[in-house]
Amino acid sequence: MKMSRLGRTDLAVSKICLGSMTWGQQNTQAEGHAQMDLAFEHGVNFIDTAELYPIPPKAETQGRTEKTIGTWMKAKGNRDKVVLASKVVGRTENQWFRDGRPSRLTRADIFDAVEKSLARLGTDYIDLYQIHWPDREVPWGSNPTRIGGQLAASPAGKADRGTPIAETLAVFDELVKQGKIRHFGLSNESSWGVMKFLAEADKGIGPRPISLQNAYNLLNRTFEVNLAEVCAFENVALLAYSPLGQGYLTGKYDHGARPAGSRSQLFNRGQRYETPNAAEVQLEYNELARSFGMEPALFASAYVSSRPFVTSNIIGATAIWQLEMALSSVDVTWTDEMQKAVDAIHQRVGNPCP
């Protein structure tokens, strides 16, 4: 397994990061344990989770994923071998995270989140603790191709910025000093947001964000527009999630198919990958993969793993055979011919699923 340095830290993380959001909903605890066993046998040392998980978020299932990881680490006695990442939710009106009230990125809410995550995970510290999405009013993913009306000015003349970033960052400074977290990261963040956190950190207010977890795949290369330059010059590691575009880059949904047991068939959460013309573009990429003699899922994951600005590719699976294919993506030799073919499609279609 190839390893990469995580931003400015001394942590070495595997090029494949094991995503966990299906454990506790689509996968049982035993299946989650089996996935971690297989991944670590292949050299993975990096697991990503969140207080939100499993997906889809529900009060009755929330926290099961972290508990699954906690029971596995306890059984294996391998906490020191795991680089563990988790996340605190951003602004949400869902009240089950905070015992009956909405959540914001305030001191009380962040401390509540981290203490509960530590308990579920059965550990004294989290290696990388991330903000899952911003507190301010911005589109999901924070890197859209069109901004819409989310940044409309308030009567005071300023867009809704939520909890001040400096205030939030100061809380993470406390968590680092108390030893509850080792490093701080962002997720679903924009170039403005990353630079604002960096600017406040450089004033001495709190820790620098060492990573950014954003969607990146053949259907969504918006990271390359502004964030790639930000992350390169500021040494912020990209942890790319959704390499398969929620399964739409596996070929299983081609021509409108909805296989039984698939996420799209089980849950009404595929809107990000069901935009106008998306199905035609997905089919084109999937057919391109087949023209190179590869399964679309392997091709799509290999593309993400091949990008020099991707520190770790966060893969997820519900079946062991899917996980095996994802793990093998780091061994694919990505050729200039493949890249030129991908770029030719992207030049015509852009980013249909930001």
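The values are calculated or read from the model by the stated rules, or taken from the named source; none is laboratory data. Values in this document were obtained by computation on a predicted structure and should not be read as measured data. Because the Cβ atoms are built from the backbone with ideal geometry, glycine has one as well, and the counts that use them run over all protein chains shown. Just the protein is used for accessible areas: all its heavy atoms, side chains included, with ligands, DNA and RNA removed. Shrake-Rupley method; radii C 1.70, N 1.55, O 1.52, S 1.80 Å.
What is the Cα radius of gyration of the range 248-324 over 2.2 N^0.38 Å, N being its residue count?
Dividing the Cα Rg of the range 248-324 by 2.2 N^0.38 Å gives 1.14.
What is the calculated FRET efficiency for K76 to E324, with r their C-beta to C-beta distance and R₀ = 22 Å, to the nearest 0.05?
On the way: r = 20 Å, r/R0 = 0.92.
So the FRET efficiency works out to roughly 0.60.
What does the charge dipole of the chain about its Cα centre add up to, to the nearest 20 debye, if the Cβ of each Lys and Arg holds +1 and the Cβ of each Asp and Glu holds -1? Let's see the in-between values first.
Details: 39 positive and 39 negative charges, 111 e Å.
For the chain, the charge dipole is close to 540 debye.
For the range 68-107, which whole percent of the accessible surface, found with a 1.4 angstrom probe, sits on carbon and sulfur atoms? Working shown, then result.
Numbers: 890 of 1800 Å².
Looking at the range 68-107 in its full context, I get 50 percent from C and S.
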Once amide hydrogens are built 1.01 Å from N within the peptide plane, the residues lying 5 or more places from A215 or on another chain with amide H under 5 Å from its amide H are N188, Y241
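Summarise the long-distance tail of P(r) for the chain by giving the % of C-alpha pairs beyond 34 Å.
Values: 13244 of 62481 pairs.
Within the chain, distances greater than 34 Å cover 21 percent of Cα pairs.
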Using alpha carbons only, how many angstrom separate the centre of the range 204-222 from the centre of the range 169-193? 13 Å
Can you show me the helix-derived [θ] at 222 nm for the chain, built from DSSP H runs with n ≥ 4 at -39,500 (n - 2.57) apiece and divided by the number of residues, rounded to the nearest 500. -11000 deg cm²/dmol
Cα centre as origin, Lys/Arg/Asp/Glu Cβ charges: the range 198-334 dipole, Debye: 340 debye
Explain nothing, just compute: Karplus ³J(HN,Hα) = 6.51 cos²θ - 1.76 cosθ + 1.60, θ = phi - 60°, for every residue of the range 341-349 in order, whole Hz, x for Gly and Pro. 5, 5, 5, 5, 5, 4, 4, 7, 10
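Which whole number of Å³ per residue matches the convex hull of the alpha-carbon atoms in the range 189-311? Can you show the working numbers first?
Numbers: hull volume 14.9 nm³, N = 123.
Cα-based convex hull of the range 189-311, divided per residue, equals 121 Å³.
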Using a 1.4 angstrom probe on heavy atoms only, work out the carbon and sulfur share of the accessible area of the range 178-271 in %. 50 percent
Whole Å is fine, so just give me how far the alpha carbon centre of the range 48-122 lies from that of the range 237-255. 24 Å
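Per residue, how many Å² of accessible area does the chain show with a 1.4 Å probe? Could the numbers behind the result be given before it?
Values: 14890 Å² over 354 residues.
Per residue, the chain has an accessible area of 42 Å².
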